[in-house]
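**Q** Just passing along the structure, written as structure tokens.
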Amino acid sequence: MSNKLIFLYVLLVILLGIRLVYFYSSQKTYTKGERISFVTQVLSNPKEYSFYQTLFLNIDPVNKVLVKLDLDKRYYYGDYLKITGILDILVLDDLTPIFTLNYPKIEANFRENNLVLAAVYSFRQKIINNFRSNLDPISSGLMLGIVFGIKENLPKEFLNDIQITGVMHVIAASGMNVTMVSAFLFFLFKSFLKRQLAISFSVIGIIFYAAVAGFEPSIVRASIMGIIVFSAQILGRQQFSLHTLLITAFVMLFVSPQLLFNTGFALSFSATLGLLYIPELFKKWQNSLTESFITTISAQIATLPILLTNFGNYSLLSIVVNGLVLWTIPLLMVLGGLASFFIFIFPPLALFFLYLCLPFLYFFEAVVDLFATNGSTVSISSFPISLTIAYYLFLLSLLLFKYKK
Amino acid sequence: MKKHITYLLISLFFLLGIFLFQDFSTDDKNLHIIYCDVGQGDAIYIKTPGGKDVLVDGGPNDKVLDCLTKHMPFWDRTIDLMVATHPDADHITGLVSVLERYTVLHFVTSNTLKETGIYKRLVEAIKNEGLKPRYVYQNDKIDFGDGVVSNIYWPRESAFTEFNNIAKVNELSVVQLVSFGDFQALLTGDAGFSVQDRLLGLISDVDVLMLPHHGSKTGVSESFISTLKPSLSVISVGSKNRYGHPTTFILSLLAKYKIKTLRTDKVGEIEVVSNGETFWLSN
């Protein structure tokens, strides 16, 4: 690394440090029984029950609250709400406390008035409705998860099975989605447009996709990286994966410091780093058959402590499950993407693409079912931070040793 | 690229296989009545020999969707007739989910009202589907055109002067006798024994009785059981529900008349199949 580059990184780290310290020292804390009033945006679909509905909302960038409301009004993704109520605390089954608001006052409920965003939200809802009315609950939930990272439509039991078998990353919004979208769009546009123009349209496409998927940290991460890589191509430069990743992390943390403790953000970055460097360790065994196993293992090695800290369990069979199902994911993404596109152009074709997904989805479901009932997980009640640090230091030294050779 | 085309061809091949399998297995010219396992509530899916799909109530959650998924082929997203026996949450919540995901052609219910949020949701969903609720009364008849007929035995029109159509919706539940040849199955919603006693002279010799009101103590009287003489009774109930359904009184009554009883909380969903002469249980 050149001196200039080191200087740049030191500068960036200092800048980020100031931003983080300022952000976290000015955070408000909340207590039970406190009366709060805030304006927030609905960024997940309301869950509806027989007698009430719940919304999971942000009080501020860091704190979230589970709001219980009457069924008589409907709230949509993207809506803004002004809420006033008394905070309560609910302890979940896994002993984590969360803030709740029971039947607070909703003083105002207004739609997004930015036309572009409003259009994006309506596209998103239309795709969700179409998938749900053409496929069974598990298949449509899986498709929405795989293509857009929208998890809320999956039945709870199946979501649990997915977690047990260690394939949650497949239905979470991940960088792979963005990679597929950008590759597909570029391939498409390049066939009839000039390179520069094709790249520009692909970038717009990526941003549109990220908006439909709901600006999840991992999608934003991959989108920024994708855009940097594309821009580098317009400017005629080679891609620098590590630098791209670091700069992206910097930009995201600087803009949204609350991501520092976001699991999705941590998983996305560590997995990307892992995929950059760890496969090298398994080079000896690399062939087209072992490829998806090596990918899985690399990502898992890189993210293990984060998974253990946040989810408390690790499935011993997850490598097998991943090896069995991962090949279906790119196909499902492409088919689901095409289906989503044709919903607005020619719905019967959208239906055809969705039907083509069914055999893969049934297969995916069968594998998850099989291993969820017969699998074994290692459960850990708490994973100490010191062990996490030791783990990553060990991993780093192993990699440094390998790359020195 | 070539690899992907191969995958797609394989997918198309399997899709055809799934199509043939589901088409063959769901087209047997029998009447199927499936008491779905939806927990504490009712949801009954009926497939007539001519392939009409009927849903009577939707249960207290969206588990009814799993039931429909299991019994309808993947390309069939149309419910020909939806019946809401009465507007209580444990009967209509699932209907909202079904209306949002399926095309529903006809909606039939009792002329009752409710002030609850979920009822408003149902009304909204029916409107969005472009449906007009059709209110049914005693002596109405729904003919599916393939030998299956549903005769409505309750509510009587005069019942609306007796029972308030907001507060007493249970007593105004749609009670229907689904018949196919010699086979008869009675679906009762939550109508209590004050209603049943008035039906005593009208219905007899039922093959399958769905116990009213999940086997609650107000659900059924001894004279009703002794007149109907069902060979099978079905109780749709959630395990460890807070109402104590089904009551020991009902269970001992059924035992006294030696009526085989199946409960959704014990055996999961219950599928009754009939060819118009006899009936059997499918698993």
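The values are calculated or read from the model by the stated rules, or taken from the named source; none is laboratory data. Being a predicted model, the structure only gives us computed values, none of them experimental. Counting neighbours? That spans all protein chains shown, and the Cβs are built from the backbone with ideal geometry, glycine included.
**Q** Regarding residue A:336, is this residue more than 14 Å from chain B (Cβ to nearest Cβ) and closer than 21 Å to residue B:10 by Cβ?
**A** no
**Q** Here's a check for you: in the range A:148-162, which residue that is of a type in the set (Asp, Glu) and in contact (Cβ under 8 Å) with a residue 40 or more places away in the chain is nearest to residue A:339 (Cα to Cα)?
**A** A:152
**Q** Quickly run through the range A:338-352 and pick out the residues that are surrounded by fewer than 20 Cβ atoms within 10 Å (Cβ to Cβ) and either assigned to a helix (DSSP H, G or I) or in contact with a His (Cβ under 9 Å, 6 or more places away or on another chain) (or both).
**A** Within the range A:338-352, A:338, A:341, A:342, A:347, A:348, A:349, A:351, A:352 meet the criteria.
**Q** For residue A:191, work out the one condition from (1) among the hydroxyl-bearing types (Ser, Thr, Tyr); (2) out of contact with any strand residue (DSSP E or B) (no Cβ under 7 Å at 6 or more places or on another chain); (3) surrounded by 23 or more Cβ atoms within 10 Å (Cβ to Cβ) it doesn't fulfil.
**A** (3)
**Q** Could you figure out which of (1) among the aromatic types (Phe, Trp, Tyr); (2) in contact (Cβ under 8 Å) with a residue 60 or more places away in the chain; (3) surrounded by 14 or more Cβ atoms within 10 Å (Cβ to Cβ) isn't true of residue A:52?
**A** Every condition holds for residue A:52 apart from (2).
**Q** Here is a follow-up. What are the residues in the range B:225-249 that are crowded, with 24+ Cβ neighbours inside 10 Å and free of Cβ contacts under 8 Å to residues at least 40 places away in the same chain, if any?
**A** Hits for the range B:225-249 are B:233, B:235, B:246.
**Q** Hey, another quick one. Quickly run through the range A:20-49 and pick out the residues that are within 14 Å of another protein chain (Cβ to nearest Cβ), part of a strand (DSSP E or B) and crowded, with 17+ Cβ neighbours inside 10 Å.
**A** Selection gives A:48 alone.
**Q** Any residue in the range A:308-324 that is within 14 Å of another protein chain (Cβ to nearest Cβ), touching a residue at least 24 places away in the same chain (Cβ under 8 Å) and out of contact with any Pro (no Cβ under 7 Å at 6 or more places or on another chain)?
**A** No, there is no match, as no residue in the range A:308-324 is within 14 Å of another protein chain (Cβ to nearest Cβ), touching a residue at least 24 places away in the same chain (Cβ under 8 Å) and out of contact with any Pro (no Cβ under 7 Å at 6 or more places or on another chain).
**Q** Considering only residues of the range B:163-189 that are modelled with pLDDT under 90 and of a type in the set (D, E, K, R), which is surrounded by the fewest Cβ atoms within 10 Å (Cβ to Cβ)?
**A** My answer is B:168.
**Q** Being at pLDDT 95 or above and in contact with a Ser or Thr (Cβ under 7 Å, 6 or more places away or on another chain) is the filter; apply it to the range B:261-278 and report the residue that is surrounded by the most Cβ atoms within 10 Å (Cβ to Cβ).
**A** B:270
**Q** When residue A:95 is evaluated against the numbered criteria (1) more than 14 Å from chain B (Cβ to nearest Cβ); (2) under 21 Å from the mean Cα position of the chain (by Cα); (3) surrounded by fewer than 17 Cβ atoms within 10 Å (Cβ to Cβ), which criterion, by number, is the only one it fails?
**A** Exception for residue A:95: condition (2).
**Q** Of the residues in the range B:80-114, how many are within 12 Å of chain A (Cβ to nearest Cβ) and in a strand (DSSP E or B)?
**A** So the answer is 2.
**Q** Now for a different question. Scan (1) surrounded by fewer than 18 Cβ atoms within 10 Å (Cβ to Cβ); (2) basic (Lys, Arg); (3) in contact (Cβ under 8 Å) with a residue 60 or more places away in the chain for the single condition residue A:105 breaks and write down its number.
**A** (3)
**Q** Here's another thing I want to ask about it. Please work out which residue is nearest to the chain's Cα centre (by Cα), limiting yourself to the range A:60-92 and to residues that are without any contact (Cβ under 8 Å) to a residue 24 or more places away in the chain and away from chain B (no Cβ under 14 Å).
**A** Checked the range A:60-92; the qualifying residue nearest to the chain's Cα centre (by Cα) is A:92.
**Q** Please specify each residue of the range B:143-201 satisfying the condition of being free of Cβ contacts under 8 Å to residues at least 12 places away in the same chain and of a type outside the set (Lys, Arg).
**A** Selection gives B:143, B:158, B:161, B:162, B:163, B:164, B:167, B:201.
**Q** Same structure, new question: Against the conditions (1) at pLDDT below 85; (2) surrounded by 15 or more Cβ atoms within 10 Å (Cβ to Cβ); (3) farther than 21 Å from residue B:262 by Cβ, where does residue B:220 fall short? Just the number, please.
**A** (3)
**Q** Of all residues in the range B:115-164 being over 30 Å from residue A:52 (Cα atoms) and aliphatic (A, V, I, L, M), which is farthest from the other protein chains (Cβ to nearest Cβ)?
**A** So the residue we want is B:149.
**Q** Regarding residue B:52, is this residue out of contact with any Lys or Arg (no Cβ under 7 Å at 6 or more places or on another chain), charged (D, E, K, R) and either within 11 Å of chain A (Cβ to nearest Cβ) or exposed (fewer than 15 other Cβ atoms within 10 Å of the Cβ) (or both)?
**A** Here the answer is no, as residue B:52 does not meet what is asked.
**Q** If you don't mind, another one. Mind listing whichever residues of the range A:85-118 are hydroxyl-bearing (Ser, Thr, Tyr) and in contact with a Leu (Cβ under 7 Å, 6 or more places away or on another chain)?
**A** A:100, A:103, listed by residue number.
**Q** Also, I was wondering about something else. With the checklist (1) more than 28 Å from residue A:360 (Cα to Cα); (2) more than 11 Å from every other protein chain (Cβ to nearest Cβ) in hand, flag the one item residue B:58 doesn't pass.
**A** Unmet condition: (2).
Matching residues to (1) under 27 Å from residue B:58 (Cβ atoms); (2) touching a His at 6+ places or on another chain (Cβ under 8 Å); (3) not in a strand (DSSP E or B):
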residue: B:237; (1), (2), (3): yes, yes, yes
residue: B:244; (1), (2), (3): yes, no, yes
residue: B:249; (1), (2), (3): no, no, yes
residue: B:252; (1), (2), (3): no, no, yes
residue: B:266; (1), (2), (3): yes, no, yes
residue: B:272; (1), (2), (3): yes, yes, no
residue: B:281; (1), (2), (3): yes, no, no
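**Q** Here's something else I'd like to know. Name the pairs: first residue in the range A:171-195 and on the phi > 0 side of the Ramachandran plot, second residue crowded, with 22+ Cβ neighbours inside 10 Å and not in a loop (DSSP other than H, G, I, E, B), Cβ to Cβ under 8 Å, at least 6 apart or on different chains?
**A** none
**Q** Quick check on my filter: what residues within the range B:138-162 are over 16 Å from residue B:109 (Cα atoms) and in a loop (DSSP other than H, G, I, E, B)?
**A** Answer for the range B:138-162, where residues must be over 16 Å from residue B:109 (Cα atoms) and in a loop (DSSP other than H, G, I, E, B): B:144, B:145, B:146, B:147, B:158.
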